[in-house]
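Working notes, beginning with the structure itself.
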Amino acid sequence: MDEQDRARILDAIGVPLVDFATPCRWSDKEPEIRGRFASVWRERNGSHLPVPELPKPSHTIDFSNTHFEKRFTADEMYFPSSIVKFTGARFDGISEFCGAHFRGKVQGSRASFQSDFFARKARFDMGVDFFRAKFSSLADFADTCFCAPASFTRARFGGDALFVTSKFHSSSKFSESEFEKDADFRSTVFNAGARFERTSFCDVASFAGGEFHAASNPSKSIAFSHSVFERPTSFRQALFLDGYPDFPGAVLHDKTSFTARMDPTSDEIAQDKDLEGRTFWPQRTKQDPVSARESCATIRHLLTQQGLPEEAHFFFRREMRFASQIGSFWQRLPYRSFGWLSDFGYSIQRPLWWLAGIWFLGMAAFWTVFSFPSGPPVLSESDLGTAAALSFSNLFPLFGFGRVFLSEVLAGLPRWAQVLSGAQTVLSLPLLFFLGLALRQRFRLR
């Protein structure tokens, strides 16, 4: 037994803790402490039973298959045991663990909590296992710290499930669980992925303001595969720091909301200083590009159904970026070219700059030809303005400026300059198309 354990026992039985930090002080008070323990033992159990040794706090605390008919209160208690077992236990009254600190692992498989369960501000150093646990009423894990793996696999939450501002420092599993009422994960931190496969959200769910870290290990990704969201779900202002959530086979409600931008606004930063310098979606990720592309396509489709073209295009651009990482070089090239030339149909500036560069290149080449003529007189008579006009007409052949005003100049150009003129026309067509896409997207044209 170490000094911390002794101090806690002393405090529990009412002995002053002052000056009891050293072994010599413990030995001085040991007879008094044992006497008090023996007195309480006989008072509760009768004098006919022998008094046992002082219990060791590190030993397992086993409440397995125990039926608690009344209120169970363990608020602010410290459990130094390596394992605390509630396996198969039944709690008929309110269960209170607010502020409790569990140094060891909590095993609560198939535990049944018939009334409200409170573990607000609790701390679980070695994790929890609530496999197939049943929370019939309110389950309050708000502001709770899970320092090791936390498993709620196949758990059933009959009332509101509150995990607001809780922190999962290791893996968290809610696979095949059922949330019959509100599932509130606002501002919850998932530091090693979050597993919600085949989970049923029967009422409103909120992950707004949450923080998701997707581990490179696939078993610790942000997974909502085959889950069902029957009511609106919010992912507004959630931070997906190094991976996109997986939604293969998931059924999302039509009113599910996402933040469709990278950077927080100044107002959001003013309300939450932690948002400064952070982004809602990762700039780079080690996630499988096929999986990430499917996730972005799912979100894009959902936002398109909501009539939010700007937000939908945000995820379309990310979908195209992941598409540019899939397949061979020649398979990736069209997507990468689309991104380089127009930011996937979103940028107005990029096509204009490319057109301006092609126009300037043509103008310089034609001006060189006019400055050192070796052909028909019409070339020696042309000036810089003619070179600029000729280059411009090549970029916009549909207007017919070249055929009407500059046909003689075009015919008199040397062969290489004619090839350049044709190349300008060919290159301008996709750039004009991309410019039209960007204008249509910017002004919501149909």
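Overview of values
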read-out: Some residue of segment 158-165 being in the same structural domain as A183 (by TED's automatic domain parsing), in contact (Cβ under 8 Å) with a residue 40 or more places away in the chain, touching a Ser or Thr at 6+ places or on another chain (Cβ under 8 Å) and surrounded by 19 or more Cβ atoms within 10 Å (Cβ to Cβ); value: yes
read-out: The one condition in (1) at pLDDT 80 or above; (2) exposed (fewer than 13 other Cβ atoms within 10 Å of the Cβ); (3) over 21 Å from S291 (Cα atoms) that G362 fails to fulfil; value: (2)
read-out: Matching entry among R293, R261, R336 (being farther than 26 Å from F201 by Cβ and modelled with pLDDT of 90 or more); value: R336
read-out: Close pairs from segment 167-186: first in the same structural domain as C145 (by TED's automatic domain parsing) and under 21 Å from S136 (Cα atoms), partner of a type in the set (A, V, I, L, M) and assigned to a loop (DSSP other than H, G, I, E, B), Cβ under 6 Å, at least 6 apart; value: S177/A155; D182/V204; D184/V164
read-out: Residue that is surrounded by fewer than 24 Cβ atoms within 10 Å (Cβ to Cβ) and in contact with a His (Cβ under 9 Å, 6 or more places away or on another chain), where the choices are E197, E176; value: E197
read-out: Residue match in segment 301-315 (condition: without any contact (Cβ under 8 Å) to a residue 12 or more places away in the chain, over 23 Å from the mean Cα position of the chain (by Cα) and surrounded by fewer than 17 Cβ atoms within 10 Å (Cβ to Cβ)); value: yes
read-out: Segment 268-285 residues that are among the hydroxyl-bearing types (S, T, Y), paired with ones that are modelled with pLDDT under 85 (beta carbon under 8 Å, 6 or more apart); value: T285/A214
read-out: Index of the failed condition, R110 passing every other in (1) at pLDDT 95 or above; (2) on the phi < 0 side of the Ramachandran plot; (3) of a type outside the set (A, V, I, L, M); value: (2)
read-out: Residue list for segment 72-108, restricted to those being farther than 12 Å from T60 by Cα and in contact with a strand residue (DSSP E or B) (Cβ under 6 Å, 6 or more places away or on another chain); value: F72, T73, D75, Y78, T87, R90, F91, S95, E96, C98, H101
read-out: Condition check for A389: farther than 30 Å from W281 by Cα, modelled with pLDDT under 90 and in a helix (DSSP H, G or I); value: yes
read-out: So E43, is it at pLDDT 80 or above and either outside any loop (DSSP other than H, G, I, E, B) or in contact with a helix residue (DSSP H, G or I) (Cβ under 7 Å, 6 or more places away or on another chain) (or both); value: yes
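The values are calculated or read from the model by the stated rules, or taken from the named source; none is laboratory data. Just so it is clear, the structure is predicted and the values come from calculations on it, not from any experiment. When we count neighbours, we look across all protein chains shown, and the Cβ atoms used for this are built from the backbone with ideal geometry, even at glycine.
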